[in-house]
Amino acid sequence: MSSSELTNFFELDGHQQADRVRRGDVPTDFPLRSAEQRIKALNPKLNAVCHLDMERAIDRLKQIDPESPMAFVPYLLKASFEYPGLPHTSGSRSRREMIGSARSAMAEQFDASGLVPCGSTTMPEFGLIGTGEALLYGPTRNPWDTLRTAGGSSSGSAVAVATGMVPFATGSDGGGSIRIPAAHCGVIGFKPSRGWNLRARPPALIDDLLTSDGLLARSMRDAIWAAQYLRTQPPANASRVQPLRIAINLLGLDGLPADRSIADAILDTADLCQELGYDVSDVKLPLDYEKLSKAFSILWAYGAGEVVDMYQARLSGTPEAHLEPWTLGLAAMRKDITPAELANAFSTIAEIELNMASFWVEWDLVLSPVTATLPPPIGILAPDREFKALWSDHFRHVNYTQLQNMAGYPGISLPLHQTAQGLPIGSMFWGPAGSDDLLLSIGATLEAARNWQSYQFPS
């Protein structure tokens, strides 16, 4: 096993790595050793992996069925994804000593696939903000510009996949937390329809309403395999009467359009779709953005408040010693939420599908930005900034992805663009509940059109 062979192996996607082992071209530990080399070379600069456990990973190789679909391919787990023996910190100083013990249905499916868990990735505290700057770890850096954020909350996972540390890494998405870092790091981020994936966590009301889990990937065949392998629903018919009808929406939940660089990228994607024969038009969505933004804010603050309640009850010392200012600020907002306001938030979410029902008769999918701006510089979204200023900057940046979580719609961020300076810009396609396979299908079509097979890794 030469150093050059290991160095080049990281360029292969999950399917290629599994195939190389299956054919006997490389030994079973080769993908894992390649991942180890890549992580150790890049992580000191990027801070994407908070825990590497090669000893446990090597032991896992002995238990793998060589005929399983992704036999011996390494992957990393977001620090909020519980897996026996790996840290389960959720990016919080309050959980710095926590080690996973439970094995979810999704974790069991990962094991059955032959994937090899080799460590954990960084994330913001409890996934409550769209950047990876947890006080527990320090900032996770964008591999295309290390002075900028990688996005969040699946921050380290997106960086690890973008740089070839591993072909797959887990992500969870409660308000854009898979799609935002995927867009900022130039990989594929798919959020399935509500309830379409195997469970990855214990039951919780707000989590079950908003959050979906999955795997980030670089190639569409890896993304499609992961989405379908983790699914609880039967295969759907991805075909539609041609031409596919795509509505463009450039307005975020704040009622404002994205920055010019983002809008131009989305319009370029729209042009590409038209060249491929799709029917594309700029359309106003039949939704009350102000009500939806308020509803999400209420649920976000309420969820943070529940977290603070739980940890204050069992930790000694002041809350500030264990929990970040952003988390505590959100929890403080929860104290002012009345029962009527919470009920209205749930009612607003229930109204989305009523308002969109006729829209989905006329349109198959929506094309929109993932974020309103390019990845902000490190520090702009840091969790210890003054709360009101951070709230304003954060929800200006991330106000396109929450709608799909509230409605239970699937969405996918596709790495179709880069700025002149090399910063990725994701294009998000989303559709009604159950349109998962249609999104994956258009992703495969656009990948072929833009030749993603020649993926360029950050240097």
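For this structure, a couple of remarks:
- Residue-level analysis places Asp207 among those that are of a type in the set (Asp, Glu) and closer than 18 Å to Ser80 by Cα.
One line per residue, one yes/no per condition, for (1) in contact with a helix residue (DSSP H, G or I) (Cβ under 7 Å, 6 or more places away or on another chain); (2) part of a helix (DSSP H, G or I); (3) closer than 29 Å to Ser80 by Cα:
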position	(1), (2), (3)
Val307	yes, yes, yes
Tyr311	yes, yes, yes
Leu328	yes, yes, yes
Trp360	no, yes, no
Val366	no, no, no
Thr371	yes, no, yes
Leu374	yes, no, yes
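- Unmet criterion (only one of (1) closer than 17 Å to Trp300 by Cβ; (2) open to solvent by less than 40 Å² (accessible area, probe 1.4 Å)) for Asn344: (2)
- Taking the conditions (1) part of a loop (DSSP other than H, G, I, E, B); (2) open to solvent by 10 Å² or more (accessible area, probe 1.4 Å); (3) touching a Pro at 6+ places or on another chain (Cβ under 8 Å) in turn, Tyr137 satisfies each one other than (3).
- Residue count for the range 400-459 satisfying the condition of being farther than 18 Å from Asn142 by Cβ and free of Cβ contacts under 8 Å to residues at least 12 places away in the same chain: 3.
- Qualifying positions in the range 68-122 - on the phi > 0 side of the Ramachandran plot, assigned to a loop (DSSP other than H, G, I, E, B) and surrounded by 24 or more Cβ atoms within 10 Å (Cβ to Cβ): Phe72, Gly91
- Pick from the range 420-449, criterion closer than 20 Å to Thr401 by Cα, part of a loop (DSSP other than H, G, I, E, B) and of a type in the set (A, V, I, L, M, F, W, C), ranking: most open to solvent (accessible area, probe 1.4 Å): Ala433
- Within the range 383-411, the set of residues being open to solvent by 10 Å² or more (accessible area, probe 1.4 Å) and over 18 Å from Ser297 (Cα atoms) comprises Asp384, Arg385.
- The single residue among Ile298, Ile380 that is open to solvent by 60 Å² or more (accessible area, probe 1.4 Å), touching a helix residue (DSSP H, G or I) at 6+ places or on another chain (Cβ under 8 Å), among the aliphatic types (A, V, I, L, M) and within 28 Å of Thr149 (Cβ to Cβ) turns out to be Ile380.
- Taking first residues from the range 84-104 that are farther than 14 Å from Val307 by Cβ and partners that are among the acidic types (Asp, Glu), the Cβ contacts under 6 Å between residues at least 6 apart in sequence or on separate chains come to His88/Glu82; Gly100/Glu82; Ala102/Glu82.
- Residue ID - least open to solvent (accessible area, probe 1.4 Å), chosen from residues in the range 6-43 that are of a type in the set (Val, Ile, Thr), assigned to a helix (DSSP H, G or I) and more than 14 Å from Pro69 (Cα to Cα): Ile39
- Counting residues in the range 123-130 that are out of contact with any Lys or Arg (no Cβ under 8 Å at 6 or more places or on another chain) and closer than 26 Å to Leu32 by Cα gives zero.
- Residues located in the range 359-377, provided they are within 17 Å of Thr419 (Cβ to Cβ) and open to solvent by 10 Å² or more (accessible area, probe 1.4 Å): Thr373, Leu374, Pro376, Pro377
The values are calculated or read from the model by the stated rules, or taken from the named source; none is laboratory data. Everything numeric here is computed off the predicted structure, so don't read it as measured data. Quick reminder, even Gly has a Cβ in these numbers, built from the backbone with ideal geometry, and neighbours come from all protein chains shown. Heavy atoms of the whole protein, side chains included, go into the accessibility calculation; ligands, DNA and RNA do not. Shrake-Rupley method; radii C 1.70, N 1.55, O 1.52, S 1.80 Å.
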